[in-house]
Amino acid sequence: MICVRIRVSGMVQGVSFRSYTKSKAQELGVKGWVQNLPGGGLEAVLEGDRKKVGELLSLMKTGPAGSMVSGMELAEIKCKNYEDFRILY
């Protein structure tokens, strides 16, 4: 089990990036949350099997159609045993 906090920069707001991330996280069994950040970009916490979190991170590097990821910052954090994956508003 691994838990990471990620910040994604680029064209990631207004292109369904949060919905895309939630959908892919649910497919992979990854828990946590995703939210937009003021001024652009988004932040997410991903918790789950190391391989599945890695797969989700790879998917997020590309993102949905219309998005353009210019950077990703990643930090491992303490797991909190999330029950599901949510979009925070």
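The values are calculated or read from the model by the stated rules, or taken from the named source; none is laboratory data. Since the structure is predicted, the reported quantities are computational estimates derived from the model, not experimental observations. Ideal geometry is used to build each Cβ from the backbone, glycine not excepted, and the neighbour counts take in all protein chains shown.
Count of the stretch 60-74 residues, restricted to those that are closer than 18 Å to Arg5 by Cβ and without any contact (Cβ under 8 Å) to a residue 40 or more places away in the chain, is 1. Across the stretch 47-89, which residue is farthest from the chain's Cα centre (by Cα) among those that are of a type in the set (Phe, Trp, Tyr) and modelled with pLDDT of 95 or more? Among residues in the stretch 47-89 that are of a type in the set (Phe, Trp, Tyr) and modelled with pLDDT of 95 or more, the one farthest from the chain's Cα centre (by Cα) is Tyr82. Checking each residue in the stretch 1-48 for being without any contact (Cβ under 8 Å) to a residue 60 or more places away in the chain, among the charged types (D, E, K, R) and within 21 Å of Ile77 (Cβ to Cβ) picks out Lys24, Lys31, Glu43, Glu47.
Counting the residues of the stretch 1-27 that are part of a loop (DSSP other than H, G, I, E, B) and farther than 15 Å from Leu37 by Cα gives 1.
Selection of the stretch 49-68 for residues being outside any helix (DSSP H, G or I), touching a strand residue (DSSP E or B) at 6+ places or on another chain (Cβ under 6 Å) and either surrounded by fewer than 17 Cβ atoms within 10 Å (Cβ to Cβ) or at positive phi (or both) yields Gly63, Met68.
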